[in-house]
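The values are calculated or read from the model by the stated rules, or taken from the named source; none is laboratory data. No experiment lies behind these values; they were computed from the predicted model shown. All Cβ positions, even for glycine, are placed from backbone atoms using ideal geometry, and neighbour counts span all protein chains on display.
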Amino acid sequence: MIDSIFSKQYRIGIAMVDTKKQLSLSAIETLFMECASLHCEKMGLGIIETEKQKLTWVITKMRIEIIQRPMVWQTINVRTWPLEQSKIAFDRDFEIVDQNDKVLVKATSRWCLIDINSRKPVLQESLNFVYPQFIGKRNFTPQFLTIKNIKTKVKTIRYSPRYSDLDFNGHINNAKYFDIVLDIIKKDQYEKLDIGGVQVNFISEAKYDDKLLIEFSKFNNGLSFTGKKNTDELVFEFNLYLNKN
């Protein structure tokens, strides 16, 4: 019997925090992806099993709400559970809770299985396994936020993916995008930000030889980042939502 909710305890180490000694955004994303992968392993749908079928998991959307940022040396539990799936999408929610079961961070995500060779999503009906019907509570309604096109650009930078950015799929690791966009912001400006939420749309893959053009903009309650390759092919959309003081 597979548990519908997967939980793993972590103690936040020094490599997982930023200059304010709080769990970094990229570390939050990494913990979520790791726990999702571990849960899939228990379901028989992990990295090794899917690779045998020439498939691999990719994440296409992530929404995170930060209620209270965990701090260095704090012990936390990361929980995740799958939601209902569509023809190609597998939705999954997450929570980070403290030792008193207080929710510190909650999130939702959308995944799909792609063919390793064609890099195209695979229809669920064509898969050689049955995805467990675990229907858990949804953290958000609506589930994902719409990222609007911000016309006023503050800054545009060019970025070449590094080897250390890549994951086993050969493209930029999803968690790396959090570091890439935040590196555009100056240190003293970043440390003043009170980040309450994130919405990221991962639209296409960025590989080692790709050249990215990243546009940085501001809007009423946050910061917006858009990454493109090959002049106009959208790679990612990334919004940071700030708490109002």
Taking the range 70-100 and keeping only residues that are under 21 Å from M16 (Cα atoms) and more than 16 Å from the chain's Cα centre (by Cα), one is left with P70, M71, V72, W73, Q74, T75, I76, N77, V97, D98, Q99
Of the conditions (1) modelled with pLDDT of 95 or more; (2) surrounded by fewer than 18 Cβ atoms within 10 Å (Cβ to Cβ); (3) β-branched (V, I, T); (4) in contact with a Pro (Cβ under 9 Å, 6 or more places away or on another chain), the single one that I14 does not satisfy is (4)
When the range 187-206 is checked residue by residue, the ones that are among the β-branched types (V, I, T) and under 15 Å from L223 (Cα atoms) are I195, V198, V200
Of the residues that make up the range 209-225, is at least one surrounded by fewer than 16 Cβ atoms within 10 Å (Cβ to Cβ), under 20 Å from the mean Cα position of the chain (by Cα) and not polar (S, T, N, Q)? no
Note on the range 79-88: residues crowded, with 17+ Cβ neighbours inside 10 Å and either in contact (Cβ under 8 Å) with a residue 40 or more places away in the chain or within 18 Å of P142 (Cα to Cα) (or both) are R79, T80, W81, P82, L83, Q85
Taking the range 63-78 and keeping only residues that are outside any loop (DSSP other than H, G, I, E, B) and either crowded, with 20+ Cβ neighbours inside 10 Å or of a type in the set (V, I, T) (or both), one is left with R63, I64, I66, T75, I76, V78
